[in-house]
Amino acid sequence: MKTKIREHRFLFLCLLVVWLKTFIVSGLTFYINMNEMLQGLAFAINPLLFLFILFTPGVFFREKFQPTYYLVISILLSVVLYSNIVYHREFSDIITLPMLLMGANMGDLTTSIFALIEWYDILYFIDIFLISFFVWRWEKFRWLTTKQVSFRQSKTAVFTLFFLLFIIFAQFKTLDAAYTFNRNQLVQTLGLFNYYIYDAIIHTQTRTQPIFSEEGDWDSIIRFLQEKHVEPNREMFGIAEGMNVIVVSLESVESFVIGETLHGEEITPFLNELIEDSFYFDNFYYQTGQGKTSDAEFLINNSLYPLGRGAVFLTHDDNKFRTLPETLFRNGYSTNVFHANYRTFYNRDVMYPNLGYEQYYSFSYFDISTKNSVGWGLKDIDFIEQSMEYLVELSEPFYSTFITLTNHFPYDLDEEDHFIEPFYSESHIVNQYFPTVRYTDEAMRIFVERLKETGLYENTVLVMYGDHYGLAESQYDALGQFLGKEITVHDAVKLERVPLIIHIPGLEGATGTMSTVSGQVDVMPTLLNLLGIEEMEGAEHIMFGSDLFAEDREDFVVLRDGTVITDGLIYTNEMCLKSETGESVPLRECEELRERGMTELNYSDKIIYGDLLRFK
């Protein structure tokens, strides 16, 4: 072994520095929770196995080419590592292979990406500068030896490589099924680079799944859905029959801002006012995956869970779905969506017709300039004002979806548009979040005023929901300053809540706050019941959610990462907590919840990956 090291010092140097960087950076960046020495050992060794497999083929090159090979490999690995560091800062997640399909959307994401890059990130590439220097001045560092190995001499090396690959693949077979929903857990178990081998296997399997799917795959799914089915509230059935429906996606608005003040002023004065005459759900959770806003749209309109990898809008746009817009269209509604972004962003020009929308009012329908736009596009107030010109021309009843933009990371907004002063902390992101939330709140006030002026308000069900989180876990130190406490695991789960407001004309006096544990998957069955459309009309609706007003509904919600919340317990990241206090209890008490959540996600994934609705 000493001889091998002496003959390949440069190989082992590169391997060592890249491994150390991967081990240290992964441990500091990703949410690694090692409770046992064996877990820590696996976390350290797994990257080394992958790096050894990747660097070793360099010995088959001629000596003068080997340094360049090791440098290129080091650069590629550093790019993968750093890309995940930046991505994790905002999304608390790992980049998956389906996410690479978002490459066409990167132009729209430029502002967000640059906001995530820090000056000290140059430190992540110190090893690359070092290796590059050695390669550049190679003649002066002859002690960094390289030696070509012939294939005849390499039987041991080849055997070792195959043995290491066997170890890596063997780990995939022993993974806990629940880990597949939590990529941080996968990275902890497999290591970041091994994770991509696993992801490639899963990607291949899921892309071929429709070929092998058949109608019989429905049997277990239907049994499960029938067992969990809850009868909708019959007293609420048809209470909004024939009314228009407007659904507003409140970009990145979280529940913690509702009813709160900053500098003595309400952060969401209009939403607070609207809640007084509406049904407000204060235990409502977002359930999105990597598709974020598009995932929320998918949940609202399908009552299916989004995928854990990538975005359904991008990966399964040609699937057959049984959607809310399609159902309403068949019941005499005109269906349309307003989104002042490019038609093709997130493949919406393809996905919206598949969801059952007749008309898509996108970028070209709006007068957009540098003055009335910021960050991701048209400011919300201008968006609402210009959209009203089209809304009043729609045939009634209509089902209209509005996608707001202003309250989007990194929360840039001209000072002249501030209706409230920023927060004061070390985080620019947290500070700016509050003025953009307040701006969106003001846009909603103007929206309701315009609906009243045009006479639409008294015949329109108004639904407003937060699409996903606004402040990532990387911002929790500064957010904790606003909340006046250190954010615990229990608090972090509660921060997954987003507002859901349902305003029904004529029911103002019978409204109130409802604390049922719920999620975005429950909106579609709720609206169908309110509009007087039977859930199982023609056995056409396959829904994992249930009516929010149902008398016997369970207080249960599963998030896309496998976290399960009920009114009694929370299961998250291999921990079991009491919902009310956050007190830790034995993990076995959450085992049934964990299994239920895992089953729901698996069955929903099976429907999408297998395109099973084509058999219905």
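The values are calculated or read from the model by the stated rules, or taken from the named source; none is laboratory data. Remember, predicted model here, so these are calculated numbers, not experimental data. Quick reminder, even Gly has a Cβ in these numbers, built from the backbone with ideal geometry, and neighbours come from all protein chains shown. The accessibility values were calculated without ligands, DNA or RNA, using every heavy atom of the protein model including side chains. Shrake-Rupley method; radii C 1.70, N 1.55, O 1.52, S 1.80 Å.
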- request: Hey, could you check the stretch 508-518 for residues that are closer than 24 Å to M243 by Cβ and in contact with a strand residue (DSSP E or B) (Cβ under 8 Å, 6 or more places away or on another chain) and say which is surrounded by the most Cβ atoms within 10 Å (Cβ to Cβ)?
  value: S518
field: Among (1) at pLDDT below 95; (2) more than 20 Å from P269 (Cα to Cα); (3) out of contact with any Lys or Arg (no Cβ under 7 Å at 6 or more places or on another chain), the one test that P397 misses
entry: (1)
message: All but one of (1) open to solvent by 30 Å² or more (accessible area, probe 1.4 Å); (2) assigned to a strand (DSSP E or B) hold for V461; state the number of the condition that does not hold.
response: (1)
statement: Over the stretch 336-348, the set of residues more than 18 Å from Q386 (Cα to Cα) and outside any loop (DSSP other than H, G, I, E, B) is F345, Y346, N347, R348
- line: Scanning the stretch 429-448 residue by residue, those open to solvent by less than 10 Å² (accessible area, probe 1.4 Å) and of a type in the set (D, E, K, R) turn out to be D441
task: Would you tally the residues in the stretch 414-423 being touching a residue at least 24 places away in the same chain (Cβ under 8 Å) and open to solvent by 20 Å² or more (accessible area, probe 1.4 Å)?
output: 4
- request: Scan Y346, Y286, Y342, Y305 and give me the residue that is among the aromatic types (F, W, Y), under 23 Å from the mean Cα position of the chain (by Cα) and surrounded by fewer than 18 Cβ atoms within 10 Å (Cβ to Cβ).
  value: Y342
- prompt: Exactly one of (1) crowded, with 20+ Cβ neighbours inside 10 Å; (2) closer than 28 Å to I504 by Cβ; (3) of a type outside the set (F, W, Y) is unmet by H408. Its number?
  reply: (2)
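With open to solvent by 20 Å² or more (accessible area, probe 1.4 Å), modelled with pLDDT under 95 and under 22 Å from the mean Cα position of the chain (by Cα) as the only criterion, which of E473, E426 stands out?
On inspection, the qualifying residue turns out to be E473.
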- line: Within the stretch 90-122, of all residues that are of a type in the set (F, W, Y) and at pLDDT below 80, the one farthest from G310 (Cα to Cα) is F114
query: Taking the stretch 317-335 only, how many residues are surrounded by fewer than 21 Cβ atoms within 10 Å (Cβ to Cβ) and not in a helix (DSSP H, G or I)?
result: 8
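Could you check, for the stretch 481-491, whether at least one of its residues is open to solvent by 10 Å² or more (accessible area, probe 1.4 Å), acidic (D, E) and either in a helix (DSSP H, G or I) or at pLDDT 95 or above (or both)? Write out each step before concluding.
Filtering the stretch 481-491 for residues open to solvent by 10 Å² or more (accessible area, probe 1.4 Å) gives 481-491.
Within this subset, residues satisfying the condition of being acidic (D, E) are 486, 491.
Among the residues that remain, those that are also either in a helix (DSSP H, G or I) or at pLDDT 95 or above (or both) are: 486, 491.
Yes, some residue in the stretch 481-491 is open to solvent by 10 Å² or more (accessible area, probe 1.4 Å), acidic (D, E) and either in a helix (DSSP H, G or I) or at pLDDT 95 or above (or both).
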query: Any idea which residue in the stretch 349-380 is farthest from P98 (Cα to Cα), counting only those that are in a helix (DSSP H, G or I) and open to solvent by less than 10 Å² (accessible area, probe 1.4 Å)?
result: D380
- prompt: Can F313 be described as without any contact (Cβ under 8 Å) to a residue 40 or more places away in the chain, under 25 Å from G545 (Cα atoms) and among the aromatic types (F, W, Y)?
  reply: yes
field: Filtered residues of the stretch 544-583 (kept if touching a Lys or Arg at 6+ places or on another chain (Cβ under 6 Å) and closer than 21 Å to A296 by Cα)
entry: S546
